[in-house]
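Read-outs throughout are calculated quantities, based only on the coordinates presented, and are distinct from any laboratory measurement. Not measured: the values here are computed from a predicted model. Here Cβ is always computed from backbone atoms with ideal geometry, including for glycine, and neighbour counts include all displayed protein chains.
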Amino acid sequence: MRTDIEERACDLALYIIENHGTVRSAAKKFGISKSTVHKDLSQRLPAFNRPLYLQVKDVLEQNKAERHIRGGIATREKYKRE
């Protein structure tokens with residue numbers, strides 16, 4: 001069972017790195033909750049694959065820095081449609 005969790009964490013990390021994805025997009029793609037994605041990437045991944053964790057951490061930090069911009073774009077699009 002442990003290897004399945006490690007494999008899932010690596011798959012999630014690779015998906016986010018390759019697609020510059022978000023935790024939400026990864027959760028939707030893999031059919032799991034955002035909480036599980038976050039736990040896999042922030043707690044489990046560093047324990048067994050530190051270099052991969054550091055790469056995915058950079059992408060997630062960039063997403064965090066840009067989230068207010070994405071929210072503004074989404075709101076603008078919402079009111080354009082109405």
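Residues in the range 1-30 that are in a helix (DSSP H, G or I), touching a Phe, Trp or Tyr at 6+ places or on another chain (Cβ under 9 Å) and closer than 20 Å to residue 66 by Cβ: 12, 13, 15, 25, 26, 29. Somewhere in the range 31-50, is a residue hydrophobic (A, V, I, L, M, F, W, C), loosely packed, with under 15 Cβ neighbours inside 10 Å and in a helix (DSSP H, G or I)? Yes, the range 31-50 has at least one match. Taking the range 51-82 as the region of interest, how many residues are over 16 Å from the mean Cα position of the chain (by Cα), surrounded by 10 or more Cβ atoms within 10 Å (Cβ to Cβ) and hydroxyl-bearing (Ser, Thr, Tyr)? Looking only at that region, the number is 1.
Cβ separations smaller than 7 Å between residues 6+ apart or across chains give the following pairs from the range 18-43 residues that are of a type in the set (Lys, Arg) to residues that are part of a helix (DSSP H, G or I) and surrounded by 15 or more Cβ atoms within 10 Å (Cβ to Cβ): 29/15; 34/23; 34/27.
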